[in-house]
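Q: Could you have a look at this structure, given as structure tokens, before my questions?
The values are calculated or read from the model by the stated rules, or taken from the named source; none is laboratory data. What you are looking at is a predicted structure, and each value in this text was computed from that prediction instead of being measured. No Cβ is skipped: glycine too gets one built from the backbone with ideal geometry, and neighbour counts run over all protein chains shown.
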Amino acid sequence: MKVLGIDSAGSQCAAAVLDDEHVLAARAETMARGQAERLLPLIAETLAVAGVAPAALDLVAVTTGPGSFTGIRIGVAAARGLALAAGRPAIGVGVFEAYAAAVPPAARRGRTLVVAVESKRDELYLQTFAADGTAPAAQVLPAAAAAWLPPGPLLLAGDAAARLRTVLGGREAAIAPDTAAVDPGQVARLGRAHYLAGRREPPRPFYLRAPDTTRPRRAAP
């Protein structure tokens, strides 16, 4: 099963092509802006390196958020457009889930995994993954983070993990290696797993806060 994994929900454009469990090609470029212009060319380059034509894909998987409002919409629109053109399904993968899946189970042992995602505002987007279950995601101000998190040792992942650790005071908290950006190969793997498990709904953006909007000015009389 050939799967294209896409991520532009945060501060990168990234794509990977998965053939069953083997990543054929992967690319990622850090960028705060410009995903709209760069994502589709980067996907085309990744497919070319993998030697896979868009029509040969079986599935397109994309991160749906939380993260950048614009970046999420760009990624979801690209995934749905590519899937429609190829006559193939598209599926969404949560950013929290993608970060958590990149942390080996052995590294989590004895610790609560906390995925911290950058909001580009004061608050952090947080979700905890413990042996007894996953807590709902929330947006949390840094000053309230230590009290919001469960007691005990923590393992931090995500692009805001370093920022979170600075506000935890004396809490025992380590940062999981290689989890500062979403791995598009992991997005492809999770998309494949969800699809094989029977999920069929198309990707839709997931936001933890409403987008910033400006009401149009009333026309002058």
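Each row is one residue, and each column tells you yes or no for (1) among the β-branched types (Val, Ile, Thr); (2) in contact with a Lys or Arg (Cβ under 6 Å, 6 or more places away or on another chain).
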site: Lys2; (1), (2): no, no
site: Ile6; (1), (2): yes, no
site: Gln12; (1), (2): no, no
site: Leu18; (1), (2): no, no
site: Ala28; (1), (2): no, no
site: Arg33; (1), (2): no, no
site: Ala48; (1), (2): no, no
site: Leu57; (1), (2): no, yes
site: Gly67; (1), (2): no, no
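Q: Then there is this: Has segment 108-125 got at least one residue that is free of Cβ contacts under 8 Å to residues at least 40 places away in the same chain and more than 19 Å from Gln35 (Cα to Cα)?
A: For segment 108-125, residues free of Cβ contacts under 8 Å to residues at least 40 places away in the same chain and more than 19 Å from Gln35 (Cα to Cα): present.
Q: What residue, among those in segment 174-197 that are free of Cβ contacts under 8 Å to residues at least 24 places away in the same chain and surrounded by 13 or more Cβ atoms within 10 Å (Cβ to Cβ), is nearest to Ala32 (Cα to Cα)?
A: Selected residue: Ala180.
Yes/no per residue for (1) among the polar types (S, T, N, Q); (2) under 26 Å from Ser8 (Cβ atoms); (3) loosely packed, with under 14 Cβ neighbours inside 10 Å; (4) not assigned by TED's automatic domain parsing to the domain that holds Ser68:
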| position | (1), (2), (3), (4) |
| --- | --- |
| Asp132 | no, no, yes, yes |
| Ala135 | no, no, no, yes |
| Ala143 | no, no, yes, yes |
| Ala147 | no, no, yes, yes |
| Leu156 | no, yes, no, yes |
| Asp159 | no, yes, no, yes |
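Q: Before we move on, is Gln139 in contact with a Phe, Trp or Tyr (Cβ under 6 Å, 6 or more places away or on another chain) and either within 30 Å of His22 (Cβ to Cβ) or of a type outside the set (D, E, K, R) (or both)?
A: For Gln139, the condition - in contact with a Phe, Trp or Tyr (Cβ under 6 Å, 6 or more places away or on another chain) and either within 30 Å of His22 (Cβ to Cβ) or of a type outside the set (D, E, K, R) (or both) - is met.
Q: In addition: Taking Ala90 as meeting all but one of (1) in contact with a helix residue (DSSP H, G or I) (Cβ under 7 Å, 6 or more places away or on another chain); (2) without any contact (Cβ under 8 Å) to a residue 60 or more places away in the chain, write down the number of the exception.
A: With respect to (1) in contact with a helix residue (DSSP H, G or I) (Cβ under 7 Å, 6 or more places away or on another chain); (2) without any contact (Cβ under 8 Å) to a residue 60 or more places away in the chain, Ala90 is out only on (2).
Q: Right, something else. Residue under question is Gly152, and the condition is that it be free of Cβ contacts under 8 Å to residues at least 12 places away in the same chain, surrounded by fewer than 20 Cβ atoms within 10 Å (Cβ to Cβ) and not polar (S, T, N, Q); does it hold?
A: So Gly152 does not fit the description; no.
Q: In addition: Among the residues of segment 48-70, how many are under 20 Å from the mean Cα position of the chain (by Cα) and either surrounded by fewer than 15 Cβ atoms within 10 Å (Cβ to Cβ) or assigned to a helix (DSSP H, G or I) (or both)?
A: The total comes to 2.
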